[in-house]
Every structure is written in C-alpha cells, then in structure tokens.
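Encoded as structure tokens, the structure appears first; notes follow it.
Quick note: the coordinates plus some simple rules give every number you see, no bench work behind them. Quantities reported herein were computed from a predicted structural model and do not represent experimental measurements. All Cβ positions, even for glycine, are placed from backbone atoms using ideal geometry, and neighbour counts span all protein chains on display.
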Amino acid sequence: MSKLSEKQESLLKEERVGRLATISKDNSIHIVPVCYVYDGESILIGTDLHSRKIFNIKRNKNVSIVIDRYVEDWSKLKGLMIQGEAFILESGEEFNKARKLLYEKYPQYKQQAPIEEGESAIIKISIKRVIAWDSGYWIG
C-alpha cells in the first residue's frame, strides 16, 4: 500500500465523487462516476452485484480511480489518481462494516439505493500507487 499524506487523506474524505476505471473484456477502459468512502486504508464503493464494474474486476483486478476538486481558480485545482487492486465483498463482517461507512457518508444510500447482500457488492480498492496534483503541479 502506498502511504497517503494528510492532505491527500483530507481530499479523499471531503470529496464525494470519484471516477473508477476498470478494464473490459475487449481490453477497453470502462470509466464511471462512483460514490466512495475512504476507511483509512482502502477505498470502498457500493454497486449492483451484476454491474459492468464487478464483471470487469472479476476478470482483471487492476483499477484506477480519480478523485479531484475543480474550482474556477485553476491555481487551486487538486486531485489524486489512485491505482490499485480491487476485491469484491459480497457478504460478511467486512461487507457490513464497509456498508455502514458508505451509509454514514451518503445517508441517501439507505433509502434510495440500499446495499444488500445477494443484490449488491462492495468494491474494496487496495491502494498501490498514488499520483497527486495540487495547484496544477504533479506532486507524486
């Protein structure tokens, strides 16, 4: 796992949407916006058990996620591109803990898109490499 700085962890905790890239069967890149939570070690993403993301990860565990903050003043842009290995959680204690964290960050999940065993999965991304930028300059 790559160690994150305090600023990088802060950005991960504050931002609400990332863009997850997985590799499709034909080796094309599949990119989708996702709601995520950072638990201090991994990035966790709820999704439908039969989503394209899950299908792709079952074939190839290598993923990337971009989390960034856009502002009109480009001198204040910042973001992270995280490369990692994805694992699929479908049930159990780790699934329940991750679901609780997602529900805490996104209260609307519970009512509008419940994460349920047998219907949903949680993608757990183990962080391998972090590329960061702040104020327009790459810092990692």
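What to note about this one:
- With N counted as the residues of the stretch 6-138, its alpha-carbon radius of gyration over 2.2 N^0.38 Å works out to 1.05.
- Burial order of peptide ranges 15-28, 42-55 (average beta-carbon count within 10 Å, highest first): 42-55, 15-28
- Net charge, LYS25 excluded, C-beta distance under 15 Å - Lys, Arg +1, Asp, Glu -1: +4
- Simple point charges give the picture: +1 on the Cβ of Lys and Arg, -1 on the Cβ of Asp and Glu, and for the stretch 6-138 a dipole about the Cα centre of about 300 debye.
- Here's the picture: charge each Lys and Arg Cβ at +1 and each Asp and Glu Cβ at -1 in the stretch 6-138, and of ILE65, ILE23, MET81 the one pushed furthest to the positive end of that dipole is ILE23.
- D (Stokes-Einstein, µm²/s), Kirkwood Cα radius, the stretch 75-140, 1.002 mPa s at 20 °C: 153 µm²/s
- Per-residue HN-Hα couplings for the stretch 13-26 [Karplus 6.51, -1.76, 1.60; θ = phi - 60°; Hz; x = Gly/Pro]: 6, 7, 6, 10, 9, x, 10, 9, 10, 10, 10, 6, 4, 8
- Among residues other than LYS124 with Cβ under 10 Å from its Cβ, the summed charge is -4 (Lys and Arg +1, Asp and Glu -1).
- Given LYS3/LYS76; LYS76/LYS124; LYS3/LYS61; LYS7/LYS53; LYS25/LYS76; LYS78/LYS100, the pairs whose alpha carbons are separated by over 26 Å: LYS76/LYS124; LYS7/LYS53; LYS25/LYS76; LYS78/LYS100
- Within the shell of other residues whose beta carbon sits under 13 angstrom from the beta carbon of LEU77, the net charge comes to -2, with Lys and Arg scored +1 and Asp and Glu -1.
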